[in-house]
Amino acid sequence: MALRTLVTRKALGNSVAFRQQLRGLQTHTLPDLPYDYGALEPAISGEIMQLHHQKHHQTYVTNFNKALEQLDDAINKGDSPTVVKLQSAIKFNGGGHINHSIFWKNLAPVREGGGEPPKGSLGWAIDNHFGSLEALVQKMNADGAGLQGSGWVWLGLDKEMKRLVVETTANQDPLVTKGSSLVPLLGIDVWEHAYYLQYKNVRPDYLKNIWKVINWKYASDIYEKECP
Amino acid sequence: MATAAYATPPISAFLTSQEGFRGSTRGFQWKKIERKCLRKAGPPKITAKFDLKPPPYPLDALEPDMSRNTMEYHWGKHHRAYVENLNKQIVGTELDGMTLEDIIRVTYNNGDLLPPFNNAAQAWNHDFFWESIKPGGGGEPSGELLELIIRDFGSFEQFAKEFKAAAATQFGSGWAWLVYKVNRLNVGNAVNPRPSEEDKKLVVVKSPNAVNPLVWDYYPLLTLDVWEHAYYLDFQNRRPDFISTFMEKLVSWESVSSRLEAAKIQAAERE
């Protein structure tokens, strides 16, 4: 009995989630994709989707949970230097988790409406702010291609100004780092891991093709919720 | 971009003294030289272009640790694009004819990057990277380099640990470096006019995207590219495996040793 308790505790003790539960800390888990890995082909290969979701996103989740646990420890101990030191890991891994969770919902297989232009109020707003959907696509493609290193290109809503914006963020910075009233409607990952196995060095081709599987329905829903 | 609010000294002002770019570059203005009527005035001016240097070994020479496929893209596409885009950006500007190192220092512009910086620094970084590795590399350094590593890190193992950690924890794209540092302060742009003997030491640093330690006035000795394009075809998401392979199978300690020797000579000449 004692041995079993020990074994169980050891097995559980290795799990960050278990330790965090003990303390009432909310842990994060990798969300399921709302479609199969291969469902976005040929725009994005199944191999890319699988690695991107199972490896990259999982690593952000794991490291975000670890950092939050360390943060909790540090706060309980009143260890301010550690609290401050953890901010970069929280921003990077927490941002990675937030951004990818949105990204999966921004995509949809063609047979489920991927690539269908936005309708309703978001469609109007895009025409109003950018002239046309094509002009918006062109702007996001240019900004995404021009982003040095790793990062994201966003279509966001400034919910105070009731205005659409195109922004880029570096690394895993979420859109909110560019303004507290910004809500992401659509984020495109331009890290090399998002396209390299298929598009290699040609990021513009990836950007051109991703529009074929963009889920405008999701972006429209968020827009209508924030801007009724 | 720099604004016209500052008086713009001629670019030669930055080039005449040895102290050169260690002073402020705030006044540098990024602009094209007017070239009207150039054709009528005589034959077109021949401008110096940077060449894409091939790595000092065949593209398949690092197999299986770094595949030919990776080399063909990394050198043949990425590195090539940095060089070609730089040449396009600088033709007819005040940067045309400057050394690559000087272009990097000027366009770093105290961290407020001017447009050619990324291409210039990446062109330099990749040249430096190809010469940091070799077929049958890895192992441990020897001689004075090893002595300094032991002096400044405690042991070779401790150095390797710090270097690997720097490479693994560079968030996003960037580079890990071993540098010879002769200035005192440990922040970018901190220029110490009178470093003492104890300021001279080996340190490990990391840099984001295209940035390299030349802009902090350090002497780079070794670098590892941790942009995903450097390893994705061979290692996918497993950056730590790429870093270990680099340390165990690829590093050219001969290159690092000769760079250290050159850095010490240059540092002594500055005093």
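The values are calculated or read from the model by the stated rules, or taken from the named source; none is laboratory data. Please read these numbers as outputs of a predicted model, since none were measured by experiment. Cβ placement follows ideal geometry from the backbone for every residue including glycine, while neighbour counts extend to all protein chains displayed. For accessibility, only protein heavy atoms count, side chains too; no ligands or nucleic acids. Shrake-Rupley method; radii C 1.70, N 1.55, O 1.52, S 1.80 Å.
What is the interface area between chains B and A, defined as buried accessible area summed over both chains with a 1.4 Å probe, reported in Å² to the nearest 100?
1800
List the residues, sorted by chain then number, that are 5 or more residues from A:ARG163 or on another chain and whose placed amide H is less than 5 Å from its amide H.
Correct list: A:ASP158.
I'd like the accessible area for B:GLU84, computed on protein heavy atoms only with a 1.4 Å probe and all protein chains in place. Round to 10 Å², please.
90
Can you send over the solvent-accessible area of B:GLU157, 1.4 Å probe, protein chains only, in Å² to the nearest 10?
Here the residue's solvent-accessible area equals roughly 110 Å².
Rounded to the nearest 500 deg cm²/dmol, what is the calculated helix-only ellipticity per residue at 222 nm for chain A, with -39500 (n - 2.57) per DSSP H run of length n ≥ 4?
Helix-only estimate at 222 nm: -15500 deg cm²/dmol.
With just the Cα atoms defining each centre, how far is the stretch A:22-85 from the stretch B:123-173? Give it in Å.
30
Taking the Cα centre of the stretch A:145-228 as origin and charging only Cβ (+1 Lys, Arg; -1 Asp, Glu), how large is the dipole, in debye to the nearest 20?
Charge dipole, the stretch A:145-228, about its Cα centre: 220 debye, nearest 20.
Give me the 1.4 Å probe accessible area per residue for chain A, excluding ligands and nucleic acids, in Å².
Each residue of chain A exposes 50 Å² on average to a 1.4 Å probe.
Students sometimes get this wrong: rank A:LEU68, A:LEU185 by accessible area, probe 1.4 Å, all chains present, largest first.
A:LEU68, A:LEU185
Checking the table A:LYS85/B:LYS249; B:LYS161/B:LYS206; A:LYS55/A:LYS105; A:LYS91/B:LYS88 against a 25 Å threshold on Cα-Cα, which pairs fail?
Beyond 25 Å: A:LYS85/B:LYS249; A:LYS91/B:LYS88.
Would you please give the residues with an amide H less than 5 Å from that of B:ILE133, counting only those at least 5 places away or on a separate chain, with H modeled from the backbone geometry?
Counting only residues 5 or more places away or on other chains, the set is B:SER252.
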